[in-house]
Amino acid sequence: MLPLPEFIESDTDLPEAVDVVVIGGGIIGTCTALELAERGLKVALFEKGRIAGEQSGRNWGWCRQMGRDSREMPLIVESLRLWRNLNDRAGSDTGFKQCGIAYMELDEKGLQQREAWAAKNAQPFQVNSRIIRGEELDKLVPGASARFAGALYTDSDGRAEPQRAAPAIAQAARNMGAQIFTGWAVRGIETEAGKVSGVMTERGPVRCTSVVYAGGAWSRRFLGNLGLDLPQLITLSSVQATEPLDLPYATSFAGGKYAVRKRADGGYTIAHNAVTVSDIIPASFKYLRAFLPALRSEWPYLKLRIGKRFISEAMLASRWSLDEMSPFEKVRVLDPKPVDWVLDECLNELAADHPEFKGVRITNKWAGVIDVTPDAVPVISGIDRVPGLFLATGFSGHGFGIGPGAGELMADLVTGKTPVVDPAPFSYTRMIDGSRLKPESEI
């Protein structure tokens, strides 16, 4: 059972008009709403379910610069800068702590690849990623050197609490004047002379000149109703949490088949470091071959399956009018079941390497869906065909840590401010213009 995110009560009075409507109450949408509200814009955020109800409240909770695609590096460096001050800015606890992260490798070949990444991607941005071994590794991850040759370690990386962060940011946006509507779906956008003029919600219209869509795994369906294409594939991430444990593992670490982080409640979040499961759905057939390099880059062992989700996806409308019930009202929250064999495998290997975890009680298991792009790099962009429409999606399992920076960049694009980083790598155009979309490992 998923630990529910902290509850944010919905506003009730639908505004007649705002400057910007943000659709989606995950980490990206809430960070965008906060940035825009801080800049004095009138903002309304709509979430069909609850804040952080989907992947933003179900992820590992890592805030990492390490291991990023070079195209993401400027934005994640900015995002970590924002995370470090976010508790003060929000006036609430997001759970962020700078704990460091270690990627452990079994052999020298793996360490050389990690070191090459650091030279190419970390050093130009003054990110202090470095190789550690032996005694130094054991101080951070006790006993790790018995099996692993060493690790790439970044002490400036951190962690936060997925069930706390987006709700805290949403409340901060409200404190700055934004309205937050939960359990309140947006059916689609309205246009005049080809430009955004408003949105139609399930309970009535709101006029606006800009819309930011940050709907994660729902993005392809929402854009498809506008006649816009978005190559997007969905993978399933299974996660588990232990009871509180008095163990000396403060640094987040990954090695072999497991990834581990300390939780604010004293337990540990444990997930598989190498396997993901992707449900084959009707839309998958169009894109599957193009996505295989990205999936294998992020998760070396990909498992494809056809299950109940194939049927449920096929039953949801791909087109609808704004005066009828939308798919977002029929399915408020994507709440898949975790894959038990994946969780058992990572926990068993963790206990074999670190016996302190043997026999621990698992208090919660859950799963979330990750929206992946063919190059494993997000879209943070305006859409030229519909002036006033902006898209933030496809974070490919990287979205939680990069959320504050993505919100800042999106606010820059909406307001016409000089972007905090070059937005070109995140353009929507690359998705549809025939560009060869490859993860960095394939370039």
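The values are calculated or read from the model by the stated rules, or taken from the named source; none is laboratory data. For clarity, every value in this text was computed on a predicted model and none was experimentally measured. Neighbour counts run over all protein chains shown; Cβ positions are idealised from the backbone, glycine included. All accessible areas refer to the heavy atoms of the entire protein, side chains included, with ligands and DNA or RNA removed. Shrake-Rupley method; radii C 1.70, N 1.55, O 1.52, S 1.80 Å.
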Just for the stretch 48-58: of the residues that are open to solvent by 20 Å² or more (accessible area, probe 1.4 Å) and not in a helix (DSSP H, G or I), which one is nearest to Gly368 (Cα to Cα)? Glu54
In the stretch 142-200, the residues that are more than 26 Å from Gly40 (Cα to Cα) and under 20 Å from the mean Cα position of the chain (by Cα): Ser156, Asp157, Gly158, Arg159, Ala160, Glu161, Pro162, Gln163
Within the stretch 346-357, does at least one residue satisfy the condition of being assigned to a loop (DSSP other than H, G, I, E, B), over 19 Å from Ala52 (Cβ atoms) and of a type outside the set (Gly, Ala, Ser)? yes
Can you report the number of residues in the stretch 410-440 which are not in a loop (DSSP other than H, G, I, E, B) and not β-branched (Val, Ile, Thr)? 10
Identify all residues within the stretch 16-39 that are in a helix (DSSP H, G or I), among the β-branched types (Val, Ile, Thr) and open to solvent by 10 Å² or more (accessible area, probe 1.4 Å); write none if there are none. Ile28
Got at least one residue in the stretch 368-391 being within 27 Å of Asp157 (Cβ to Cβ), surrounded by fewer than 16 Cβ atoms within 10 Å (Cβ to Cβ) and hydrophobic (A, V, I, L, M, F, W, C)? no
Conditions (1) crowded, with 24+ Cβ neighbours inside 10 Å; (2) modelled with pLDDT of 95 or more; (3) out of contact with any Phe, Trp or Tyr (no Cβ under 9 Å at 6 or more places or on another chain) -> Ala406 fails only (3)
So is Asp344 of a type outside the set (Phe, Trp, Tyr), at pLDDT 95 or above and over 29 Å from Arg159 (Cα atoms) or not? no
For Pro404, state whether it is outside any loop (DSSP other than H, G, I, E, B) and in contact with a Leu (Cβ under 6 Å, 6 or more places away or on another chain). yes
Of everything in the stretch 201-221, what is of a type in the set (D, E, K, R) and over 23 Å from the mean Cα position of the chain (by Cα)? Give them in sequence order. Glu202, Arg203, Arg207
For the stretch 119-133, state whether one or more residues are touching a Phe, Trp or Tyr at 6+ places or on another chain (Cβ under 8 Å), more than 17 Å from Ala250 (Cα to Cα) and among the polar types (S, T, N, Q). yes
Quick check on my filter: what residues within the stretch 349-398 are hydroxyl-bearing (Ser, Thr, Tyr) and in contact with a helix residue (DSSP H, G or I) (Cβ under 9 Å, 6 or more places away or on another chain)? Thr373, Ser381, Thr393, Ser396
Is it the case, given these coordinates, that Asp323 is part of a loop (DSSP other than H, G, I, E, B), at pLDDT below 95 and acidic (Asp, Glu)? no
Across the stretch 93-146, what is the total count of residues that are hydrophobic (A, V, I, L, M, F, W, C) and either under 30 Å from Glu6 (Cα atoms) or in a loop (DSSP other than H, G, I, E, B) (or both)? 7
Only residues that are of a type in the set (Asp, Glu), in contact (Cβ under 8 Å) with a residue 40 or more places away in the chain and surrounded by 13 or more Cβ atoms within 10 Å (Cβ to Cβ): list them for the stretch 91-117, please. Asp93, Glu105
Identify, by number, the condition in (1) surrounded by fewer than 22 Cβ atoms within 10 Å (Cβ to Cβ); (2) more than 28 Å from Asp353 (Cα to Cα) that Gly266 doesn't meet. (2)
